[in-house]
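Asker: Here it is, the structure in full.
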Amino acid sequence: MALFLINRYLGDEEESASQNESRSKTLLAKLQRQAKERQLQVLSCREETPAIRSGGDEVDTAQKNGTSSRSQDAGAKRLAKKRKAGMSDQPGGGAKSTLKQEDSAQDGKIKIIKKRKKDRSGGEHKSFKQGAETTDEVTQAQQKDQRVPITSVDSIASSSSQTAFHILGGFENKPVPKVQRVLPQWLAQPNVVQRDIKSNLVPIGSVQGICPKLLKKLENNGIQHFFPVQAEVIPAVLESVSNGLLIGRGGYRPRDLCVSAPTGSGKTLAFVIPIVQALSQRVVCEVRALVVLPTKELTQQVYKVFCTYAEGTSLKVVMVAGQKSFGAEQASLSQIRGGVSRSLADIVVCTPGRLVDHISKTDGFSLQQLRFLVIDEADRMIDSMHQSWLSQVTKAVYKNESGSETSIFRRREPGPITAASLSPPQMPLQKLLFSATLTQNPEKLQQLGLHQPRLFSSIHSATSTPAASQRQEKFNFPEGLTEYYVPCTLSKKPLLLLHFLLNLKFSPVLCFTNSREATHRLYLLVKLFGGVNVAEFSSKLSPSERKKTLKDFEQRKIQLLISTDAAARGIDVNGVKFVLNYDAPQFIRTYIHRVGRTARAGNTGLAFTFLLKIQERNFLQMVAEAGSPGIQRQLVNPECLKNMEDRYQQTLVQLASAIKVCMLQGCINSFP
Ligand SMILES: Nc1ncnc2c1ncn2[C@@H]1O[C@H](COP(=O)(O)OP(=O)(O)OP(=O)(O)O)[C@@H](O)[C@H]1O
């Protein structure tokens, strides 16, 4: 209890309950006396030193600024004299009224100090107007434990209007207005590519500039209409070569193109057709088109499409992605005859790693005649820019052969456009970027050194408010895609998957996990459970095994393909009806590419994502912010799983021993 005892100040007098009233009076009188004494002390002090330099600049400024401070000084002196003489300022007022006035003035002063404190702590950098005397007194008051001498509140108010100075300090946090980032015009106002493929088909004959041979080939491959992205991009590329490979429209260097269109919208043909068309008239074989992709599988896929449409022309398409030995690839790229090296490739489809190896190690592999640089899955390729593959390509393109330093025909890195730089014409390098999730971050795109880029995008201008100012960028989702999420627990996940396959007869299903180990474990579990044709796909398999697996899956020999993100990007497997995110993806781009393995080429498809309770909120927010048209909740009745539970328990036991074997063989790192 003693801890909470509060001692009140009772004055020097003895406390007496019966004399409460007189004690308060005495106390009041004493306090008034003390206040008066202090006031007189202050006034006499001021007579000796008119301005106490406590506030430094503030006081100086006030002195310089104001007549009001001087008049206040004079007023104070007058007041002191009158006090000494026992006079009142007020007509008919005595000492008592003076005291009252002083008290009210003191109240006013305290208010001002409080106001000033408040102003400072409020973080507002206000201009505080006040006379020198006021400052003086306030400073003294601060020194004397906030006991403030008295001047008239009115005089303070009047002096406020006449003097002005800033109080230094007050650097507390201020609310800073948000910077509104503005996209460059080419990003903010793209050429719009319609998302709805089926209602925006364009007959192939109505796109100008495609030679009859190519049109015939398209028809033979079952293509009668171009998809919207193809109908936009093919003419744009063809226009840039309408005056030949050397000069673009109007004699200028052609503009680079960036294409952002949904997964499965036909971006591959959008660059294959115009490149084959543009190069088909070439005389000498030189590497004129380089297509860079992130994985071997994608390289193979795009290589196949090029081969299809280059067939029957003299164009040579070569793939360098590590599928063959390095020596074999070198032999397919160039040949040395009579001491002179000769290119054997017009179009090179490659992965960046292998490309860089050939630039540095393959004699005769020259990029000095390169006209098109296609960067597919561009956002992923930008992420791998730290490998500096692009700078190596650029170096190889503008490489000076010894002796050609002074040649006017030397290919120079483009600079400002001048009459001299345009003559003689030199092969321009045009970059074509493609992605379903192309970044709208100008800083990232800047790394690519684009020349007057043009953007083709499915993200409608209505939604293309500066994406950088939003928390997350907006992306394209295929029109025919329906998204679901399935709330679940960790232990029920495998049962849910089996339910989808065995009870609901989903087929073919492409199922994604977040790691090689998870893929293998799930594959073993489904296989041991039985009843499903299952295979796995990951970097654990050799390239030939992966190729065979994808083929089997496409031919419906496999009902369920469990994969890592190795199959998430670009892989085009015909007729995938269902995508299942067994493990929820961490990044929105991963999600978009995964679910984009279905609902391709204007078809419909379903995507299911298993979500643990803890993942739900963030995942749904991420998907909504990315511009998903809507993800629906799909509940599974626990009763539906009951018929599989006994078998599932037995399978888990078998799985444990199978995993032990795997661990001994070193093919899996951890026990589930
Ligand atoms: N005009 C067309 N008519 C019919 N089918 C087409 C047409 N263009 C492309 N396709 C088919 O559409 C499918 C998807 O094409 P493609 O792989 O080029 O899509 P994408 O936009 O590159 O997808 P991703 O972003 O996933 O890589 C392919 O099977 C392709 O053969």
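Nothing in this text is a laboratory measurement; each read-out follows from the coordinates by a stated rule. Note that this is a predicted model, so its numbers are computed, not measured. Quick reminder, even Gly has a Cβ in these numbers, built from the backbone with ideal geometry, and neighbours come from all protein chains shown.
Asker: In whole Hz, with x marking every Gly and Pro, tabulate ³J(HN,Hα) for the stretch 561-567 from phi via Karplus 6.51 cos²θ - 1.76 cosθ + 1.60, θ = phi - 60°.
Answerer: Once rounded to whole Hz, the list reads 10, 9, 9, 7, 6, 4, 9.
Asker: Around E645, what is the net charge, scoring Lys/Arg as +1 and Asp/Glu as -1 over all other residues with Cβ under 14 Å from its Cβ?
Answerer: +2
Asker: Which value results when the Cα radius of gyration for the stretch 526-570 is divided by 2.2 N^0.38 Å?
Answerer: 1.13
Asker: Over all pairs of distinct alpha carbons, what does the Kirkwood formula give as the hydrodynamic radius of the stretch 571-664, in Å?
Answerer: In the stretch 571-664 this quantity evaluates to 16.0 Å.
Asker: If you place +1 on the Cβ of every Lys and Arg and -1 on the Cβ of every Asp and Glu, how big does the dipole about the Cα centre of the stretch 197-289 come out, in debye to the nearest 20?
Answerer: 100
Asker: Tell me which residues come under 5 Å, amide H to amide H, from V259 once H is placed; ignore anything under 5 positions away on its chain.
Answerer: The list, which skips near neighbours in sequence, is L433, F434, S435, F456.
Asker: Across all directions of projection, what mean area in square nanometres is found for the Cα convex hull of the stretch 174-305?
Answerer: Averaging across all directions leaves 12.5 nm² for the Cα convex hull.
Asker: Could you give me the ³J(HN,Hα) list for the stretch 274-279, computed from phi with Karplus coefficients 6.51, -1.76, 1.60 and θ = phi - 60°, whole Hz, x at Gly and Pro?
Answerer: x, 5, 4, 4, 5, 8
Asker: Using alpha carbons only, how many angstrom separate the centre of the stretch 296-323 from the centre of the stretch 547-588?
Answerer: 22
Asker: List every residue whose amide H lies under 5 Å from the amide H of S334, counting only residues 5 or more places away in sequence or on a different chain, with H placed 1.01 Å from N in the peptide plane.
Answerer: Residues meeting the amide H criterion: L344.
Asker: Placing unit charges on C-beta atoms (Lys and Arg positive, Asp and Glu negative, everything else neutral), compute the dipole magnitude of the stretch 264-369 about its Cα centre in debye, rounded to 20.
Answerer: So the dipole magnitude of the stretch 264-369 works out to roughly 40 debye.
Asker: Give the Rg (one decimal place) followed by the Dmax (whole number) of the stretch 248-366, computed from C-alpha coordinates and expressed in Å.
Answerer: In order Rg, Dmax, the Cα atoms of the stretch 248-366 give 15.0, 49 Å.
Asker: Search the structure for amide H atoms under 5 Å from the amide H of F165, placed 1.01 Å from N in the peptide plane, and list their residues when 5 or more places away or on another chain.
Answerer: F128, Q130
Asker: To continue, here is another question. How would you order 309-315, 319-325, 613-619 from highest to lowest mean count of nearby Cβ atoms within 10 Å?
Answerer: Top to bottom by mean Cβ count within 10 Å: 319-325, 309-315, 613-619.
Asker: Just want to confirm a number: the relative contact order over the stretch 518-654, from Cα pairs under 8 angstrom separated by 6+ residues, in percent.
Answerer: Here the relative contact order equals 20 percent.
Asker: Sorted by mean Cβ packing within 10 Å, highest first, what order do the peptides 275-283, 350-358, 657-665 take?
Answerer: Top of the packing list down: 350-358, 275-283, 657-665.
Asker: Then there is this: Which order do the peptides 196-204, 588-596, 501-509 take when ranked by the mean count of other beta-carbon atoms within 10 Å per residue, highest first?
Answerer: 588-596, 501-509, 196-204
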